[in-house]
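*Asks:* One structure coming up, written as C-alpha cells, with questions to follow.
Read-outs throughout are calculated quantities, based only on the coordinates presented, and are distinct from any laboratory measurement. Since this is a predicted model, take the numbers as computed values, not measurements. Cβ atoms come from the backbone with ideal geometry, glycine included; neighbour counts cover every protein chain shown.
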Amino acid sequence: MAAIVGEGKGAKPGEISLAHNGILFLDELPEFPRHVLETLRQPLETGEVMISRANAHVKYPCKFSLIAAANPCKCGFMTDPDQAFGRAPKCGNDYLGRISGPLMDRFDLRIEVPAVRFQDLSLRASGERSHVIAKRLLAARALQDRRYANTEIATNSDLKGDALDRLIQMEEDAQTYLEQAAIKLNLTARGFHRVIRVACTIADLEQSENVARHHVGEAISFRNSAHAA
C-alpha cells in the first residue's frame, strides 16, 4: 500500500501522485490486496491524497487516469470452452469479486477483450490510423476548451454538481433515456454522473454541440459491457 499511496521518512509520494496528470496502469487488478485497492477510491474522487506519518503530514495532488486489466478468472481460461474447468463461471465471479463495487463504480469504461487466435496474428492491421484518431481527439479537446473558457474546468472529467446542468446541453429524449436506464440498471449517483460525462465526450468526438440519445446509449454500453475494467 505504501508504494501506491506514499511512504517513508518525510512521507514521500507514491505511484498515484507520481502519475499526477497522467496514467496509472494496474495489471491483474484482482491480484492486488483488497486494502490496497480500497485506498484508491478517495483519491480518484478528489484528485488528492493525504500522507500522514509521525514526522510529517503532506497532501499530494494525484489527478490521474486509472487503467486496469484483469483476466476473466484466476487461470484465465474461463471463456475458453476447451480449457475451462468445472468451476466456471463461479470461478470468474469469485475472482472479479475481489474488486469492490464502489471501486468498480469509478471506472467509466469497461470492455471485454477476447483472446487473440494465433491464426489472426498474421492478419493485416485494420481500423483507423493513429493520426486520424489523434486529429479527432484534438478537435474534441478544442471544443471543450471553448465550452469551459473562463471557468476552472479543463475537461469533461472535471464536471461536477450543477456544472453538469449548466454546461452540458442534453437533448430531451436523451435525458429521458438516461433516466430510464438509470432505474433499470440501478445506477448510483456517481455512475449516473459518469455516464453523462462519457456521453458528453462521445458527443465532442462527433463535434456535436448537444448530447443526443445515441451518445447516452453508447456511454451506457461501455459502462455495462463487462464486469472488469
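*Asks:* As an exercise, use a Förster radius of 45 Å and the Cβ-Cβ distance of Met50 and Leu123 to find the FRET efficiency, rounded to the nearest 0.05.
*Replies:* Efficiency for this residue pair is about 0.35.
*Asks:* Now for a different question. Given R₀ = 25 Å, FRET efficiency for Asn224-Arg98 by Cβ-Cβ distance, to 0.05?
*Replies:* 0.80
*Asks:* Now for a different question. Using the crude model of +1 on Lys and Arg Cβ and -1 on Asp and Glu Cβ, and no other charge, please compute the dipole size for the range 130-224 relative to its Cα centre, in debye to 20.
*Replies:* 380 debye
*Asks:* Add -39500 (n - 2.57) for each DSSP H run of 4 or more in the chain, then divide by its residues: what number comes out at 222 nm, to the nearest 500 deg cm²/dmol?
*Replies:* The helix-only estimate for the chain comes to -11500 deg cm²/dmol at 222 nm.
*Asks:* Give the lysines reachable from Lys90 as a straight Cα distance under 18 Å; neighbours fewer than 8 places away on the same chain don't count.
*Replies:* Partners within reach: Lys74.
*Asks:* Something else now. Which listed residue (Gly97, Asn210, Ala163) has the Cα farthest towards the positive end of the charge dipole for the chain, taking +1 on Lys and Arg C-beta and -1 on Asp and Glu C-beta about the Cα centre?
*Replies:* Most positive-ward Cα: Gly97.
*Asks:* As I understand it, the dipole of the chain uses +1 on the Cβ of Lys and Arg and -1 on the Cβ of Asp and Glu, about the Cα centre. Which of Ile23, Phe107, Val58 lies farthest toward its positive end?
*Replies:* Val58
*Asks:* When the chain is modelled as a GNM with alpha-carbon springs shorter than 10 Å, which of Arg147, Arg106, Arg194 fluctuates the most?
*Replies:* Among Arg147, Arg106, Arg194, the largest mean-square fluctuation in the Gaussian network model of the chain belongs to Arg147.
*Asks:* Right, next: Once you measure Cβ to Cβ distances between cysteines in the chain, which Cys have no partner under 4.7 Å?
*Replies:* Cys62, Cys75, Cys200
*Asks:* Please give the charge dipole size of the chain, origin at the Cα centre, charges +1 on K and R Cβ atoms and -1 on D and E Cβ atoms. Round to the nearest 20 debye.
*Replies:* The calculated dipole for the chain is roughly 540 debye.
*Asks:* May I ask you to compute the full-extension gain from His193 to Lys59, defined as 0.36 nm times their residue separation minus their alpha-carbon distance, rounded to one decimal in nm?
*Replies:* 45.6 nm is the gain from fully extending His193 to Lys59.
*Asks:* Could you check the simple spin-label distance between Asp162 and Asp145, using points 7 Å along Cα→Cβ, in nm with one decimal?
*Replies:* 2.9 nm
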